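Comments concern the structure below.
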Amino acid sequence: MENTPPIPDPHTHLLRHAPDAPVLYFSPERLQATARAFRHGFPGLVTYAVKANPGEEVLANLARAGITAFDVASPAEMRAVRAVAPDAALHYNNPVRSPAEVAVAAEMGVRSFSVDCLHELDKLTGHVVDGSEISVRLALPVVGAAYDFGEKFGVGPDRAAELLRAVVARGFTPSMTFHPGTQCADPNAWGSYIAAAAGVARSAGVRLHRLNVGGGFASHRTGAAPDLGAIFAHIGSRVAQHFGADTPELVCEPGRAMVAEAFSMAVRVKALRDSGAIFVNDGVYGGLTEIRDIGAPDRIDVIAPDGTARRGTPRPRVVFGPTCDSIDRLPASLPLPDDLAEGDYLLIHGMGAYTRSLSTDFNGYGLRDVVTVARL
Ligand SMILES: *Cc1c(COP(=O)(O)O)cnc(C)c1O
């Protein structure tokens, strides 16, 4: 194998280097395996939503694993992709863009956009390549997702049909898209959108070139790992059922589920209080931001500085982050061993998504260190 990583696993790194700042451990092999599982399992084109983790080594390894298209939301994300994958297709699916952003997209050769109102279509018309793919973004009331994206983006079925006709009238290639939310455990999050999208296309009298079913695929945070194969099968069968002979090509744009398992994160216990509360070196202003919004993961190993595992009885502990802000505390206590001590590490698995991309350097802290390992 080229570039064999010098560090075999996170335990070895913790023991050798005793890092005092939070660390993300990255397994390129795991990331490539996930990308291949998506490519083989999903019945269509697999793209990657860059916002989940825009790290250069993430984008490069996805390109190496055969990902040829990326969902980008800003000029900076376009440049990040172009830097490692100059020939990749860019799907600019943030439906709100300034004229200056549209100009950058045109210059970078973007030929796939989404819109959710006529005004955004006007902003593209005459400013992007003729015949570009324009996907109308559909919004429905939320089902089974951790947050509701439909409140901010998307258009209801009736106006979506009008917009789809306008896309065709202007000579663009008509497609549709939706994004069911994030960390969606219920396959119906996709099923009801697919049914509604088929209805919109029928009532507009437009045959869709592609249907982009968004991201939202759940990662393994607690309990058993989600069954992505079941969701892929559900998507495939719902599309066949609702579109029949007019079945469009499918596209998906996972962020979280593509990258989560490829990283584990180590944080260190800086202080243990008599109450049992702990202070750790990362918190809600760093890589643990999402815990506030979608709950804590439960795949946590507690490791003493000599590398041994703490196996004491779990007890609920309040967890404070390192900054001087009282908000910097996890919203619920975490069950952690009763023999935990100052200087221990919490190695949290499945932390590749929305950790470094959301980390700030407030108060001089933040998640900056990424160490490549052979396995997690
Ligand atoms: C955020 C986002 C994604 C990725 O969502 P995940 O939940 O990380 O899979 C995909 N598509 C769009 C349009 C998004 O905004």
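The values are calculated or read from the model by the stated rules, or taken from the named source; none is laboratory data. Model, not experiment: these values are computed from the prediction. Every residue, glycine among them, receives a Cβ derived from its backbone with ideal geometry; neighbour counts consider all protein chains shown. Protein only, heavy atoms only, side chains kept; ligands, DNA and RNA dropped before computing areas. Shrake-Rupley method; radii C 1.70, N 1.55, O 1.52, S 1.80 Å.
Here is a list of conditions, (1) over 20 Å from Leu45 (Cα atoms); (2) away from the ligand (no atom under 16 Å from the Cβ), and Ala160 meets all of them except one; can you say which number that is?
Single failed check for Ala160: (2).
Restricting attention to region 14-33, and to residues there that are in contact with a helix residue (DSSP H, G or I) (Cβ under 6 Å, 6 or more places away or on another chain) and over 21 Å from Thr289 (Cβ atoms), which single residue is surrounded by the fewest Cβ atoms within 10 Å (Cβ to Cβ)?
Filtering first and then ranking leaves Gln32.
Given the structure, is Pro54 more than 16 Å from the ligand (Cβ to nearest atom) and modelled with pLDDT of 95 or more? Break it down into steps so the answer makes sense when it comes.
Numbers: more than 16 Å from the ligand (Cβ to nearest atom): no; modelled with pLDDT of 95 or more: yes.
Against the criterion (more than 16 Å from the ligand (Cβ to nearest atom) and modelled with pLDDT of 95 or more), Pro54 does not qualify.
So which pairs qualify, if the first residue must be in region 41-59 and free of Cβ contacts under 8 Å to residues at least 40 places away in the same chain, the second must be away from the ligand (no atom under 15 Å from the Cβ) and not charged (D, E, K, R), the Cβ gap must be under 9 Å, and the two must be at least 6 apart or on different chains?
Glu56/Ala80; Glu56/Ala83; Glu56/Val84; Leu59/Ala80; Leu59/Ala83; Leu59/Val84; Leu59/Ala85; Leu59/Ala88
In region 238-247, which residues are open to solvent by 10 Å² or more (accessible area, probe 1.4 Å) and touching a helix residue (DSSP H, G or I) at 6+ places or on another chain (Cβ under 9 Å)?
Here is the first cut: in region 238-247, the residues open to solvent by 10 Å² or more (accessible area, probe 1.4 Å) are 238, 240-247.
Selection gives Arg238, Gln241, His242, Phe243, Gly244, Asp246, Thr247.
Does region 302-312 contain any residue that is under 27 Å from the mean Cα position of the chain (by Cα) and either surrounded by 13 or more Cβ atoms within 10 Å (Cβ to Cβ) or on the phi > 0 side of the Ramachandran plot (or both)?
yes
Hey, among Gly366, Gly352, Gly343, which residue is within 16 Å of the ligand (Cβ to nearest atom) and either among the hydroxyl-bearing types (Ser, Thr, Tyr) or open to solvent by less than 30 Å² (accessible area, probe 1.4 Å) (or both)?
Gly352
In the list Ala218, Ala166, which residue meets the criterion of being in the same structural domain as Ala35 (by TED's automatic domain parsing) and in contact with a Pro (Cβ under 9 Å, 6 or more places away or on another chain)?
Ala218
Please name all residue pairs, on different chains or six or more residues apart, with Cβ atoms under 7 Å, provided the first residue is in region 210-231 and is over 13 Å from Thr182 (Cα atoms) and open to solvent by less than 40 Å² (accessible area, probe 1.4 Å) and the second residue is within 10 Å of the ligand (Cβ to nearest atom) and assigned to a loop (DSSP other than H, G, I, E, B).
Asn212/Glu253
Quick one: in region 232-282, which of the residues that are under 30 Å from Arg202 (Cβ atoms) and of a type in the set (Val, Ile, Thr) is farthest from the ligand (Cβ to nearest atom)?
Result: Thr247.
Applying the selection to region 63-87, what residues are closer than 11 Å to Met108 by Cβ and open to solvent by 10 Å² or more (accessible area, probe 1.4 Å)?
Hits for region 63-87 are Pro75, Glu77, Arg79, Arg82, Pro86.
Quick check on my filter: what residues within region 99-111 are within 21 Å of Leu211 (Cα to Cα) and either in contact (Cβ under 8 Å) with a residue 24 or more places away in the chain or among the aliphatic types (A, V, I, L, M) (or both)?
Correct list: Val110 only.
Please indicate, with yes or no, whether at least one residue in region 286-300 is outside the structural domain of Thr47 (by TED's automatic domain parsing) and on the phi > 0 side of the Ramachandran plot.
Taking every residue of region 286-300 in turn, at least one turns out to be outside the structural domain of Thr47 (by TED's automatic domain parsing) and on the phi > 0 side of the Ramachandran plot.
Report yes if Leu163 is touching a Phe, Trp or Tyr at 6+ places or on another chain (Cβ under 9 Å), among the aliphatic types (A, V, I, L, M) and within 18 Å of Ser112 (Cα to Cα), otherwise no. Can you show your working first?
Details: touching a Phe, Trp or Tyr at 6+ places or on another chain (Cβ under 9 Å): no; among the aliphatic types (A, V, I, L, M): yes; within 18 Å of Ser112 (Cα to Cα): yes.
Taking the combined requirement at face value, the residue does not satisfy it.
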